Amino acid sequence: MSNRMWGGRFAEGPDAIMEEINASIGFDQKLYRQDIEGSKAHVRMLAAQQIVAGEDAEKIVHGLDTILSEIETGKFTFSRALEDIHMNIEARLAELIGAPAGRLHTARSRNDQVATDFRLWVRDTLDTLDGQLAELLVALAEKAETHAADVMPGFTHLQSAQPVTFGHHMMAYVEMFARDRSRFADARKRMNESPLGSAALAGTSFPIDREATAKALGFDRPMANSLDGVSDRDFVIEALSAASICSMHLSRFAEEIVLWCSAQFGFIKLSDKFSTGSSIMPQKKNPDAAELVRAKTGRIYGGMMALLVMMKGLPLAYSKDMQEDKEQAFDALPSLSLALAAMTGMVRDMEPQVKRLKKAAGSGYSTATDLADWLVRVLGMPFRDAHHVTGKIVGYAVAESVELEKVPLAVMQEIEPRITREIYSVLTVDKSVKSRTSYGGTAPANVRKQARRWLKQLAKG
């Protein structure tokens, strides 16, 4: 038996293999709320334009509300034979209200219908992610303010470089995730145009009001070209691109958390809430939440790459290939949402081990640059000369296995006679971080100012 929704052209039903590859209801049922919302806006517009009778429109809206309730209470039965969410809802509508249900699809196609549904879903998801990013930013800025003066090692090449503060490190991620938030906002703004009314690809001969449906669905405007309206998937690719960058930032942070929790670093402690144990080693406490955040990055990258490859060879306008866009987004964006929730929880939960951090901050001759800067500032040396002198002093310290502040003044003066005892005032990690007062530097006063600025800004929403 042919499918009655589109089967007038067909004398027999699809092969079982065709039904298997063609059906999307297993995943696109996630769009039920957006599909019903779009259909209600569409039929109300049809009634306002006197394309369908007001009485029929009221029956359709009431039937759609009934279907929404059935789905949300688990009473709705989805049918693979009806292929997708659109046909499942329309078929149930016909069962509920009879012939008027057939008028709902006037002046639209599944092509513009699914494009509208999917935009609405992605837009809703971006709004959720925006809220989650705001929560993460607050958690980071609060942690930064609390630990604005707690010294830790700063690294380059994962080698001790210069002392920074734990608060400064947290604020680096505030800046990263704030950019992620702005990328999602940009993507949302660009995607907020309505495909509804593009019909199959060429528009429609019915006197529809696309401005009205766009406004009803919260879009800024209708899309200006019907071909583009049904064939564009830039909006989800851009969302996944922003998600990929955000997940990269999450993964970098997760990697640091994994390192910091290790016995070798011991920089932070995570409670049992965000850790797991070992089935064989009773002493283990593993930062599995961070590891899983790190791992989900691959799934998010994969979703973006799958869509780029799927779209790259498609001619205008709609092709069934586009059915493959949803599973990627349905996996990637919720994965990011879960990762953001986990990271926010870990940030609030983590306890910096302040003494351990400070001790590590002084290792690896991390105040060597402060020594070189003193030579430039006090003795007027060109920086390259100061760099050379400092390198010799560090070389002595390495050979003798002593810290820089323990190198005798006489030894330093053998290398550069003008060095005075004042040099020792810049060789402590506390003095080092306090001296970094340039805009964006790690000085505790800077960190507190930036953290409070962000918290005030985030409180305004």
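The values are calculated or read from the model by the stated rules, or taken from the named source; none is laboratory data. Not measured: the values here are computed from a predicted model. Counting neighbours? That spans all protein chains shown, and the Cβs are built from the backbone with ideal geometry, glycine included. To get the accessible areas, we keep the full protein, side chains included, count just its heavy atoms, and leave off ligands, DNA and RNA. Shrake-Rupley method; radii C 1.70, N 1.55, O 1.52, S 1.80 Å.
Of all residues being basic (Lys, Arg) and touching a Ser or Thr at 6+ places or on another chain (Cβ under 8 Å) in the range 412-461, which is surrounded by the fewest Cβ atoms within 10 Å (Cβ to Cβ)? Just the residue, please.
Among them, the one singled out is Lys431.
Would you point out the residue of the range 137-169, among those that are modelled with pLDDT under 95 and open to solvent by 60 Å² or more (accessible area, probe 1.4 Å), that is nearest to Gly441 (Cα to Cα)?
Gln162
Could you list, in sequence order, the residues of the range 115-128 that are open to solvent by less than 10 Å² (accessible area, probe 1.4 Å) and among the hydrophobic types (A, V, I, L, M, F, W, C)?
Ala115, Phe118, Leu120, Val122, Leu126
Could you go through the range 322-329 and let me know if any residue there is open to solvent by less than 20 Å² (accessible area, probe 1.4 Å), closer than 23 Å to Glu135 by Cα, modelled with pLDDT of 95 or more and assigned by the TED database to the domain that holds Ser226.
Among the residues of the range 322-329, at least one is open to solvent by less than 20 Å² (accessible area, probe 1.4 Å), closer than 23 Å to Glu135 by Cα, modelled with pLDDT of 95 or more and assigned by the TED database to the domain that holds Ser226, which makes the answer yes.
Which one of the conditions (1) within 28 Å of Val309 (Cβ to Cβ); (2) among the aliphatic types (A, V, I, L, M); (3) part of a loop (DSSP other than H, G, I, E, B) does Met281 fail to meet, given that it meets all the rest?
Condition (1) is where Met281 drops out.
Is it fair to say Arg108 is surrounded by 24 or more Cβ atoms within 10 Å (Cβ to Cβ) and either among the basic types (Lys, Arg) or assigned by the TED database to the domain that holds Asp84 (or both)?
So Arg108 passes the test.
Got a number for residues in the range 291-324 being among the aliphatic types (A, V, I, L, M) and part of a loop (DSSP other than H, G, I, E, B)?
Residues that pass the stated criteria total 3.
Quick check: is even one residue across the range 441-458 in contact with a Leu (Cβ under 8 Å, 6 or more places away or on another chain) and within 21 Å of Pro153 (Cβ to Cβ)?
Looking for residues that are in contact with a Leu (Cβ under 8 Å, 6 or more places away or on another chain) and within 21 Å of Pro153 (Cβ to Cβ), one finds none in the range 441-458, hence no.
Kindly list, by first and then second residue, each pair from a residue in the range 354-382 that is over 18 Å from Pro153 (Cα atoms) to a residue that is of a type in the set (Gly, Ala, Ser) and at pLDDT below 90, limited to pairs with Cβ atoms under 9 Å and residues at least 6 apart or on different chains.
Trp374/Ser425
Quick one: count up the residues across the range 177-194 that are outside any strand (DSSP E or B) and open to solvent by less than 30 Å² (accessible area, probe 1.4 Å).
Count: 7.
This table checks each residue for (1) open to solvent by 80 Å² or more (accessible area, probe 1.4 Å); (2) over 30 Å from Glu255 (Cβ atoms).
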position	(1), (2)
Leu340	no, no
Phe383	yes, yes
Val402	no, yes
Ala410	no, yes
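Of the residues Met5, Met45, only one is touching an Asp or Glu at 6+ places or on another chain (Cβ under 7 Å) and at pLDDT 95 or above; which?
Met45
Take Ser205 and tell me if it is surrounded by fewer than 18 Cβ atoms within 10 Å (Cβ to Cβ) and in a helix (DSSP H, G or I).
no
When you look at Ala199, is it more than 21 Å from Gln457 (Cβ to Cβ) and not assigned by the TED database to the domain that holds Leu316, yes or no?
Against the criterion (more than 21 Å from Gln457 (Cβ to Cβ) and not assigned by the TED database to the domain that holds Leu316), Ala199 does not qualify.
Exactly one of these conditions fails for Pro334: (1) modelled with pLDDT under 95; (2) surrounded by fewer than 19 Cβ atoms within 10 Å (Cβ to Cβ); (3) in contact with a Ser or Thr (Cβ under 9 Å, 6 or more places away or on another chain); (4) part of a helix (DSSP H, G or I). Give me its number.
Pro334 satisfies all of (1) modelled with pLDDT under 95; (2) surrounded by fewer than 19 Cβ atoms within 10 Å (Cβ to Cβ); (3) in contact with a Ser or Thr (Cβ under 9 Å, 6 or more places away or on another chain); (4) part of a helix (DSSP H, G or I) except (1).
May I ask you to say which residue of Leu409, Leu427 is farther than 30 Å from Arg294 by Cα, free of Cβ contacts under 8 Å to residues at least 60 places away in the same chain and outside the structural domain of Leu129 (by the TED database)?
On inspection, the qualifying residue turns out to be Leu409.
Step by step: first the residues of the range 245-278, then only those that are assigned to a loop (DSSP other than H, G, I, E, B) and in contact with a helix residue (DSSP H, G or I) (Cβ under 7 Å, 6 or more places away or on another chain), then the one that is modelled with the lowest pLDDT. Which residue is that?
Ser275
Inside the range 361-381, can you point out the residues that are open to solvent by 40 Å² or more (accessible area, probe 1.4 Å) and either more than 30 Å from Phe265 (Cα to Cα) or of a type in the set (Lys, Arg) (or both)?
The answer is Val376, Arg377, Val378, Gly380.
Looking at Val354 and the list (1) buried (at least 16 other Cβ atoms within 10 Å of the Cβ); (2) touching a strand residue (DSSP E or B) at 6+ places or on another chain (Cβ under 9 Å); (3) among the β-branched types (Val, Ile, Thr), which single condition is not satisfied?
Unmet for Val354, out of (1) buried (at least 16 other Cβ atoms within 10 Å of the Cβ); (2) touching a strand residue (DSSP E or B) at 6+ places or on another chain (Cβ under 9 Å); (3) among the β-branched types (Val, Ile, Thr): (1).
Considering only the range 222-244, how many residues are part of a helix (DSSP H, G or I), surrounded by 17 or more Cβ atoms within 10 Å (Cβ to Cβ) and of a type outside the set (Ser, Thr, Tyr)?
11
Please pick out the residue among Gly298, Gly266 that is open to solvent by less than 60 Å² (accessible area, probe 1.4 Å) and free of Cβ contacts under 8 Å to residues at least 12 places away in the same chain.
Answer to the check: Gly298.
Would you check if Glu19 is buried (at least 19 other Cβ atoms within 10 Å of the Cβ), out of contact with any His (no Cβ under 7 Å at 6 or more places or on another chain), at pLDDT below 90 and closer than 28 Å to Gln328 by Cβ?
Judged against the criteria, Glu19 is not a match.
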